[in-house]
Every structure is written in structure tokens, then in C-alpha cells.
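To start, the structure under review is shown below, and the notes come after it.
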Amino acid sequence: MTDRIPRFTLKGVTGTEMSERLFATEDGLGLSLTRFHRADCDDVVLLIHGLTLSRDMFIMPEHTNLVTHLLDHGFTDVWTLDYRMSNRFPYDMETHRFTLDDVAAYDHPAALEALREVVGDRRIHVIAHCLGSVTFMASLFGGLVDGISSVVANSVSLHPRVSRWASLKLRFGPALAEYGLGMPVLDPRFGDAPWFTRRKIFSRVVSLFHPECRDSACHMLSFMWGDGKPAMFSHETLHEVTHARMADLCGASGVHYYRHVHKMIDAGHIVPFSAEETRLPDVTADLASVQTPILFLAGTENHVFTDSNIVTHAALEQAAPGRHELELLPGYGHVDPFVGKKAHEDVFPRIVEFLKKKAV
């Protein structure tokens, strides 16, 4: 199945001019923005992926993707960001000690600066997924980015929450993987490793607990993220081609990020990785201070970050009644609101509706 769609293809978007803008962060990483430009418009949309993903989640050719949907519905200048968590870069395959603070402090501000150099003072709307959403919200509520007209946050944002089993994996998994198994990186492609290697054996053990399908990459992704069979999506919401190439869409992940996620789980909201971290203030100290309207998307079958966005919306509704919106997505999970085969019917219209209300 995967041979039908080349990895890192741009063929999912047609009838538009594509260009790439490279930029660097303050801590010395090269990142990129990809522009899908059909015509100039007053409202620019920036799409931000999650950990182990990339811009590819927004430009999938097997069904109508989010970039195409936006272009076809009046938002004719769409940008995608590949930051340090992107599987298009080698950074997450390396043994590193990056945290979510680095993304919030370095990647998003640099990306917005590079974007502003091209689009000027036009309105910018952000659509973010998973830890891309968490880190962008940290940047926004921490005062490191401003001038954002609206945000759509999928799955998780200010108050990350996971199941008990997922919390245990986050607490003990990084040390076990790095020091016990000698694997500082977890990869959905472990099942493709040669027989009798640690990676192959690990994948086979994980698959013993996932009889729901025969795809080892699907099993590994469920182990890497959340608590479900599968965890990140429902098989019913995915195109069979998408399911077969999930290892292309969701790459390897360094386990150190999990340590920071667990600190946030313990705290109940976004916190810095260490007490010495001074780049970000307490982002939950004054929830009413950020006037950017936010649409929170929450799949009812989210087995990764459970009811995180429901909790965040309730907190913001108390702080600033009526400013933000919550959309529950029946039958959807963590990532399928963007990569699902019918997302263009069930989810994207709600996003466009929200953006058009804020495009004033």
C-alpha cells in the first residue's frame, strides 16, 4: 500500500504555487515553512504538526486534505511549519535533551518572524495539533508570540491529561528505554528491523498486546502514544492507504520529550521542564490576558490526551466567558480529526466556519 504514495510527497495539493522558506532558531537549528499560495488574501493560515509528524499530515493525497480544503474555501495563502519535532528533520532521531520549552521559546517565535517577513501585517490564524498545540499555546500565553487572530487547537493544549497507563509509561519509559534497552529513540518501524535485534524483538513483544490489526507500525504507535487498541485513531476513521503508511506520517521520537510531558501531567497544566527555566512565565497565571479566540477540538474517542481540551476550555470559559469555543468530534480520536478519510466532511467545515468568523 505504501508504494502508492511516495514518502514526503507534495502531490496532495494541486493548483497552487508552492515554495519553501528556510530559517534558523536562536539555538542553531534550521527549520522550514512551506507556502501553498493560490492568491493573496487578508487571512493567512499557519498549520503546526505534532511530535513525530510533519507537514505531510496536512497534505495527504489519498483524500481531501486540510490544505486543499482551506484553499478551496477562501483561505488561499496557507503555510505549514516543520519545526524540530518534524520527521522531515534528523533532530528527533538523535540522542538529544530538547524539551517543549525549546520549541516554545525558539521555534514558534522564529517561525512567526519568518512568516511576518513575507505576509506583513496580514491576519494570521494558527491551526495546531498535539504537542505542536501545547508548545504554541505556551508561546502564546507566555507572551513570546503575539498578533495571532485565532487558534484552532486539536486534542490538547494548556492542560495535558492522559490515562493512568499512559502516565506510567511517561514516568518510567524514558529511563527504561535509554538506560535499560539502550534505545533513546522509539520508531514505529522497529518491526522492519532484522530478526533477533533488540528493535525487532521489542516490536514483536508490543504486537502481542495488539491483536486489533496486523500492522506492527500501528502497534508501535499505540505503545508510543496513549492507551488504546489502537490509541491515536480509530481504524474506522482511516483510509486503508493511510493506515498502511502511518509509519511514513508518524516518524521516530526521542524519548526525552516524554519526560517533559509527564511533568505537565503531574502539574495538571503547562509547566517548564526545570525550575531554572526562565524563558517562559507561568502561562496559566492569567488566562484572561490572552484575547486571541481559540477553537478547541476534542475527539470523543481520544485515547492519547483524553479530555484535555475539554478541561482547558472549561478553565478559559471561567476566565473569559464566551471568548473561546469547544467542538466535540463524535467517533474521532487524537490524530484522525486531520488525517481521517472523512475529516473534510466532519471536521474541516467546522474549522473553516470558525476561521471565517474571526477573519474580520
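Figures for the structure shown
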| quantity | calculated |
| --- | --- |
| Proxy reagent accessibility, fewest Cβ within 10 Å first, across 201, 310 | 201, 310 |
| Kirkwood Rh in Å, taken over all unlike Cα pairs in region 202-360 | 17.8 Å |
| Ellipticity estimate at 222 nm from DSSP helix runs (n ≥ 4, -39,500 (n - 2.57)) divided over the chain, nearest 500 | -9000 deg cm²/dmol |
| Neighbourhood charge, 11 Å Cβ-Cβ cut-off, centred on residue 280 and excluding it, Lys, Arg +1 and Asp, Glu -1 | -3 |
| Where the Cα pairs of region 18-100 fall when distances are cut into 5 Å bins, in % | 3, 14, 23, 23, 16, 11, 7, 3, 0 |
| Semi-axis lengths (Å, descending) of the ellipsoid that matches the C-alpha gyration tensor of region 164-254 | 21, 16, 11 |
| Residue among 71, 144, 208 with the largest mean-square fluctuation in a Gaussian network model of the chain, springs linking Cα atoms under 10 Å | 208 |
| Given 11/356; 200/229; 11/169; 229/341, the pairs whose alpha carbons are separated by over 30 Å | 11/169 |
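Every read-out reported here was derived from the displayed coordinates using simple, explicitly stated rules and does not represent laboratory data. The structure displayed is predicted, hence computed values, not measured ones. Positions of Cβ are generated from backbone atoms using ideal geometry, with glycine treated the same way; all protein chains shown enter the neighbour counts.
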